[in-house]
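The structure appears right after this line, and notes come after that.
The values are calculated or read from the model by the stated rules, or taken from the named source; none is laboratory data. Please read these numbers as outputs of a predicted model, since none were measured by experiment. For neighbour counting, all protein chains shown are included, and Cβ atoms are generated from backbone atoms with ideal geometry for every residue, glycine included. For accessibility, only protein heavy atoms count, side chains too; no ligands or nucleic acids. Shrake-Rupley method; radii C 1.70, N 1.55, O 1.52, S 1.80 Å.
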Amino acid sequence: MLDHHTIERYELGWLVVAVVMVLLMFAGVIASMITETVPGMFGSPARYINPTQLSKTEFAAPGLKVSPDGSVNAYMVARAFQFQPNVLRVPANTPVTLHFVAADVIHGLMLGQGNVNAELVPGQVATFTRTFKSAGTFVSQCNEYCGSGHQTMSFTLIVEAPK
Amino acid sequence: MTTAPPPTVSAPASPAEQVYFGHPEKKVTLYFLVTGLLMLLIGVAIGPLQALNYANIDVYQYLPFLKSYYQGLSLHGVLNALVFTTYFISGLLLYLPCRALGVRPNLVVAWAAYWTMTIGVLMAAWAVLGNNATLLYTFYPPLQGSPLFYIGAALLVVGSLIIAVQVIVIWTGWKRQHPGETTPLVAYMSVATWMMWVIASLGLVVEVVVFLIPWSLGWTKGVDPLLARTLFWYTGHAIVYFWVLPAYISWYALLPRQAGGVIASDSMARLSFVLFLLLSTPVGLHHQYSDTGLSIGWKTVQMLLTFLVVVPSMLTAFSVGASLELAAQARGGGGYFGWTRRLPWKDPVFTAQVLAMISFIPGGAGGIVNASLALDTAVHNTAWIPGHFHITVGTATTLTFFAISFWLLPHLTRKPLASVKMALWSAWLWFWGMIIFAVGMHWEGLIGIPRRTYFAGATGLSEMISRAQVPLALTGISGMVLAVAAVLYFTVIFRTLLGRTRVSAQAEVPIPFSQSLAEVEALAGNGGSPKIAGAVRVLERLWVFFALALALVLVMYLPTFISLLLNPHPVPGLRLW
């Protein structure tokens, strides 16, 4: 039978293994952040707008906007119990910047495409720039409980192939 | 069977009180445990309805007393995760350290804690049952519930803090009377757990008392939802260690004796609890990776600290595994894996705990995924997350508490366990039910199915549901398995509690405080290691580690809180259910 010195020696070895494993995992995540293997991990810069005065912002008329310089921005407002717009058409193979803001309570959205998962805290703008490669229709749903109509709050992203 | 009165002292008049004679704290402990289990019974009864929801079977429309799926989910989460655990832990971690130290707690204080909690729970229950706090157990503002809910939640936490302070005070008194002595392991771990909870509960207390109660009463116009979320998750992650550390105490310090062996390493057990005291709290930001408005820098630092909590968990796995192997060897087992056959699998106290540990292996691994900034985006707010916490708190903690109830209720009441066989069945079915549940939920999460969604009315899920038929069916089936497990478990518990037979004081189930291997060797004349003894002396200074833990939390959270408080964005409350 093992004595307690031997067990403690093994256990110290195991402690070292655990610490090394943790440091390797941390290094792995940092590496994927720096190289953007997983896009958007540095997140969007924090920006707050007053959710009761969205009419004075670019969210006044939600939807897709193409600027004269060719950059594509989409503005979405989440409020109980719908996304405005709830269907968004974006061109494939073009960088699109998506802006989300919640107007009343916390909502959330995960897009099946492009590693987007946002917790939409009222007024805190979430911004993601993504290039959607494959054309198709992707339906998702509000993913933070927001009240009795939470399950009816769906969002459709349609990625259109260039004509 | 007759009850033998304790020798030399006159027995009290009432036969029921006789059971608690000599240890009147048994009664308050029993009240904490049984009230907790009654809350669990209600919470668990709603569970199968939630599971059937995933299988697209809507039972809620037939239930007149529940207004919605979300009201049911609020009850399920609040009662199971918050109320049951707090009661059970308060009873357990009052009784065990007091018995280990040989000190009787102040019963007036203990009962005051019990009634504070109970009044709080009744207030909160009134609000939730009346559909006036359908907020789910995370109660994020701006969704605004009845003030009764928030006041009740605060009283629940206050009750647990009364017990925390009482145990810490008892321990410091014991230290004064026993200078130079090492705290018994169970008491040491209990004190470390309570110290951690004192630091960790601050976030919830401030959120509820400073912000939510005045706001729900209409005294303030708004609450900053991001600040509230940050305070909530400050406590909200550490609370999972408050749930799991009592299970660790049982695995480290009680299970070895229940398996017929000794604690493999006493000093490593103390080290892992000090690491939990230091690392449990300054990690809550990993629940907020998807919140814009918080700095990515602090999220990254807290990710490292979250990963580091893996270290004490790995130590626990090693140490407890070694203890079990020693126990099996003492029973004549051997070989690389063959020894496992010699363990007392017919004993539900043993088996339920080992199954709890096994569930914690995938549970912990999934936790690392959640803690990773790179992977969290793929699972945040999906069914993966409830899948994860049903094999951690729902199995590792709950099944261990089942095991504890199988010996502790007979110990406290001197009534034998009603049915060993039924207890064993309940443990195995709970384990497999939760494993099936977790497989289904993790799988659905990877497909993208959101958590907390009433499927019967969902408009955006049909495409995902068509790809998730198998896991959704698994979730539904697991709910049925768990329902059977719960019926068996509560049958055993109530038959035991309502049983008429009481064994004599001499035949009372003992508290299975285990000896450590080092102690056994010292008794055999091999001597202890001076180096290890030195480590234990350093670890004995829990107040120093408490101060360090507090300092670490301040460093990790103060900048975030200062910037949130300097730029407040209060919004009014809404009732949207």
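Points to keep in mind about this one:
- B:Thr306 being more than 9 Å from chain A (Cβ to nearest Cβ), in a loop (DSSP other than H, G, I, E, B) and β-branched (Val, Ile, Thr): no
- Scanning segment B:53-74 for residues that are at pLDDT below 95 and either of a type in the set (Val, Ile, Thr) or open to solvent by 20 Å² or more (accessible area, probe 1.4 Å) (or both) yields B:Ala55, B:Asn56, B:Ile57, B:Asp58, B:Val59, B:Gln61, B:Tyr62, B:Leu63, B:Pro64, B:Phe65, B:Lys67, B:Ser68.
- Selected residue (only one of B:Leu542, B:Leu548 is buried (at least 17 other Cβ atoms within 10 Å of the Cβ), modelled with pLDDT of 95 or more, more than 30 Å from A:Ser148 (Cα to Cα) and not hydroxyl-bearing (Ser, Thr, Tyr)): B:Leu542
- Candidates A:Met110, A:Met33, A:Met25: the one that is at the interface with another protein chain (Cβ under 8 Å from one of its Cβ atoms) and in a strand (DSSP E or B) is A:Met110.
- Total residues in segment A:83-104 satisfying the condition of being open to solvent by less than 10 Å² (accessible area, probe 1.4 Å) and in contact with a helix residue (DSSP H, G or I) (Cβ under 8 Å, 6 or more places away or on another chain): the figure is 2.
- Residue in segment A:71-81 that is under 22 Å from B:Pro141 (Cβ atoms), within 14 Å of chain B (Cβ to nearest Cβ), part of a strand (DSSP E or B) and of a type in the set (Val, Ile, Thr) present: no
- If you go through segment A:125-163 and pick out every residue that is in contact (Cβ under 8 Å) with a residue 60 or more places away in the chain, open to solvent by less than 20 Å² (accessible area, probe 1.4 Å), part of a strand (DSSP E or B) and within 17 Å of A:Gln84 (Cβ to Cβ), you end up with 4.
- If you go through segment B:290-303 and keep only what is buried (at least 22 other Cβ atoms within 10 Å of the Cβ), more than 9 Å from chain A (Cβ to nearest Cβ) and of a type in the set (A, V, I, L, M, F, W, C), you end up with nothing.
- The lone exception for B:Thr475 - which of (1) open to solvent by 10 Å² or more (accessible area, probe 1.4 Å); (2) among the β-branched types (Val, Ile, Thr); (3) closer than 14 Å to B:Tyr54 by Cβ it fails: (1)
- Just so you know, in segment B:330-353 the residues that are surrounded by 18 or more Cβ atoms within 10 Å (Cβ to Cβ) and in contact (Cβ under 8 Å) with a residue 40 or more places away in the chain include one that is nearest to the other protein chains (Cβ to nearest Cβ), and it is B:Leu343.
- Applying the condition of being under 32 Å from the mean Cα position of the chain (by Cα) and assigned to a loop (DSSP other than H, G, I, E, B) to segment B:528-577 and asking which residue is nearest to B:Tyr188 (Cα to Cα) yields B:Glu540.
- Of B:Phe65, B:Phe21, B:Phe88, B:Phe84, all but one fail to be farther than 28 Å from B:Ala187 by Cβ and aromatic (Phe, Trp, Tyr); the exception is B:Phe65.
- If you filter segment A:41-64 down to residues that are within 13 Å of chain B (Cβ to nearest Cβ) and in contact with a helix residue (DSSP H, G or I) (Cβ under 7 Å, 6 or more places away or on another chain), you find that the one that is surrounded by the most Cβ atoms within 10 Å (Cβ to Cβ) is A:Met41.
- Looking across segment A:1-29, the residues that are under 26 Å from B:Leu305 (Cβ atoms) and aromatic (Phe, Trp, Tyr) come down to A:Trp14, A:Phe26.
- So B:Leu135, is it open to solvent by less than 10 Å² (accessible area, probe 1.4 Å) and within 14 Å of chain A (Cβ to nearest Cβ): yes
- Boolean, B:Leu79 is under 17 Å from the mean Cα position of the chain (by Cα) and surrounded by fewer than 20 Cβ atoms within 10 Å (Cβ to Cβ): no
- For segment B:220-265, the tally of residues that are polar (S, T, N, Q) and more than 14 Å from chain A (Cβ to nearest Cβ) stands at 4.
- Listed by first and then second residue, the pairs linking a residue in segment B:559-570 that is within 16 Å of A:Pro122 (Cα to Cα) and within 13 Å of chain A (Cβ to nearest Cβ) to a residue that is open to solvent by 50 Å² or more (accessible area, probe 1.4 Å) and assigned to a loop (DSSP other than H, G, I, E, B), with Cβ atoms under 9 Å apart and 6 or more places separating them unless they lie on different chains, are B:His569/A:Asn50; B:Pro570/B:Thr220; B:Pro570/B:Lys221.
- Among the candidates B:Gly364, B:Gly394, the residue that is over 30 Å from B:Ile562 (Cβ atoms), within 12 Å of chain A (Cβ to nearest Cβ) and not β-branched (Val, Ile, Thr) is uniquely B:Gly364.
- Of all residues making up segment A:53-87, the number that are under 19 Å from A:Glu119 (Cβ atoms), in contact with a strand residue (DSSP E or B) (Cβ under 7 Å, 6 or more places away or on another chain) and aliphatic (A, V, I, L, M): 5
- The set of residues in segment B:309-329 being over 20 Å from the mean Cα position of the chain (by Cα) and either at the interface with chain A (Cβ under 9 Å from one of its Cβ atoms) or not in a helix (DSSP H, G or I) (or both) consists of B:Phe318, B:Ser319, B:Ala322, B:Glu325, B:Leu326, B:Gln329.
- Filter result for B:Thr400 (open to solvent by less than 20 Å² (accessible area, probe 1.4 Å), hydroxyl-bearing (Ser, Thr, Tyr) and part of a helix (DSSP H, G or I)): yes
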